[in-house]
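**Student:** I am attaching a structure below and will ask some questions about it afterwards.
Each reported figure results from applying straightforward, stated rules to the coordinates on display, with no laboratory input. Since the model is a prediction, treat every value here as computed from it, not as a measurement. Don't worry about glycine lacking a Cβ; one is built from the backbone with ideal geometry, like all the others, and counts go over all protein chains shown.
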Amino acid sequence: MDEQQRAAAGEELYRALRECRTLDPLTERMADISIEDAYHISQRMVSLRVERDGEQIVGKKIGVTSKPVQDMLGVFQ
């Protein structure tokens, strides 16, 4: 995907969120989408939420489901 396609996908996700509507998965409509593309699309959507709606990023979510990550972070619950 090029940057214009990534930006358009991020915009589409943002609009769907604001209009409370669902979309078909991007992976079903964009055969060449990669993990890197997904991160860029997600970042675009978050940027729009901050810029247009005044939302603030207050933290980051990480997955701690794998044993190596739990060990690395010292999570033992």
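**Student:** From the gyration tensor of the Cα coordinates in the chain, what semi-axes in whole Å does the equivalent ellipsoid have, largest first, with each one equal to sqrt(5λ)?
**Tutor:** That gives 28, 18, 12 Å for the three semi-axes.
**Student:** So which GluC sites (Glu not before Pro) in region 11-77 pass both tests, a DSSP loop state and at most 12 other Cβ atoms within 10 Å of the Cβ?
**Tutor:** 19, 55
**Student:** Using alpha carbons only, how many degrees (0 to 90, rounded to 10) separate the axis of helix 3-18 from the longest principal axis of the chain?
**Tutor:** Relative to the chain, helix 3-18 is tipped by roughly 90 degrees.
**Student:** Using θ = phi - 60° and the Karplus curve 6.51 cos²θ - 1.76 cosθ + 1.60, what whole-Hz ³J(HN,Hα) does each residue of region 52-65 get, with Gly and Pro shown as x?
**Tutor:** Ordered by residue, 3J(HN,Hα) equals 8, 10, x, 5, 10, 7, 10, x, 10, 9, 10, x, 10, 9 Hz.
**Student:** At 222 nm, what value in deg cm²/dmol follows for the chain if DSSP H runs of at least 4 each add -39500 (n - 2.57) and the sum is divided by all its residues, to the nearest 500? Let's see the in-between values first.
**Tutor:** Values: 4 runs with 46 residues, N = 77.
-18500 deg cm²/dmol, from helical runs alone.
**Student:** Okay, moving on. Quick check: from the Cα gyration tensor, does region 32-77 come out rounded (a/c under 1.5), prolate or oblate?
**Tutor:** On the way: a/c = 5.23, a/b = 1.62, b/c = 3.23.
It is oblate, given that a/c is not under 1.5 and a/b is not larger than b/c.
**Student:** Through the Karplus equation 6.51 cos²θ - 1.76 cosθ + 1.60, θ set to phi - 60°, convert the phi angles of region 37-43 into ³J(HN,Hα) values in whole Hz; use x for Gly and Pro.
**Tutor:** Residue by residue, region 37-43 yields 4, 4, 5, 5, 4, 4, 4 Hz.
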